[in-house]
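> Structure below; questions to follow.
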Amino acid sequence: MVRRSRLEIYFDILDVINRGIDKPTQIMYKTNLSWTVLQDMFETLANGGFIKEETKLNSKRYYVTDKGKSALSYHLRSLDGLIDVKEVFSK
């Protein structure tokens, strides 16, 4: 079993929220994180301006900001490049 780096976890959270899952518990399940770890990640992402938190009727929702979408897009494009390079070297 391969452990994810903190960076990979941040991008997993951004990806899940970007796909429209905005409730904290659902994000926790989709990213396979514990509640305390997820709360720490939310704080870091919010302080960095990658996500925003909104509270309505005692219910929190999370949204990816433009900065978060840009970072996620860059990350996904870089992974595409790595996959292409890996395929070239495996031939």
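The values are calculated or read from the model by the stated rules, or taken from the named source; none is laboratory data. Just so you know, these numbers come straight off a predicted model, no measurement behind them. Reconstructed Cβ throughout: ideal geometry from the backbone, glycine too, with neighbour counts over all protein chains shown.
> I need every pair where a residue in the range 54-77 that is under 19 Å from residue 26 (Cα atoms) has its Cβ under 8 Å from the Cβ of a residue that is of a type in the set (Ser, Thr, Tyr) and surrounded by 12 or more Cβ atoms within 10 Å (Cβ to Cβ), sequence separation at least 6 or different chains.
Close Cβ pairs (under 8 Å, with a partner that is of a type in the set (Ser, Thr, Tyr) and surrounded by 12 or more Cβ atoms within 10 Å (Cβ to Cβ)) amount to 54/62; 54/63.
> Let me ask something additional. Could you list, ordered by first residue, the pairs with Cβ atoms under 7 Å in which the first is in the range 14-30 and at pLDDT 95 or above and the second is assigned to a loop (DSSP other than H, G, I, E, B), at least 6 apart or interchain?
Within 7 Å, the pairs are 14/50; 27/21; 30/21.
> State yes or no: is residue 61 at pLDDT 95 or above and over 14 Å from the mean Cα position of the chain (by Cα)? Reasoning before the result, please.
Details: at pLDDT 95 or above: yes; over 14 Å from the mean Cα position of the chain (by Cα): yes.
Answer is yes for this residue.
> Quick one: which residue in 41, 28 is in contact with a helix residue (DSSP H, G or I) (Cβ under 7 Å, 6 or more places away or on another chain) and either part of a strand (DSSP E or B) or over 23 Å from residue 79 (Cα atoms) (or both)? Walk me through it before giving the result.
Details: 41 fails: either part of a strand (DSSP E or B) or over 23 Å from residue 79 (Cα atoms) (or both).
So the residue among 41, 28 that is in contact with a helix residue (DSSP H, G or I) (Cβ under 7 Å, 6 or more places away or on another chain) and either part of a strand (DSSP E or B) or over 23 Å from residue 79 (Cα atoms) (or both) is 28.
> Here is a further query. Assuming residue 84 fulfils every condition listed in (1) assigned to a helix (DSSP H, G or I); (2) at pLDDT 95 or above apart from one, which condition is it?
(2)
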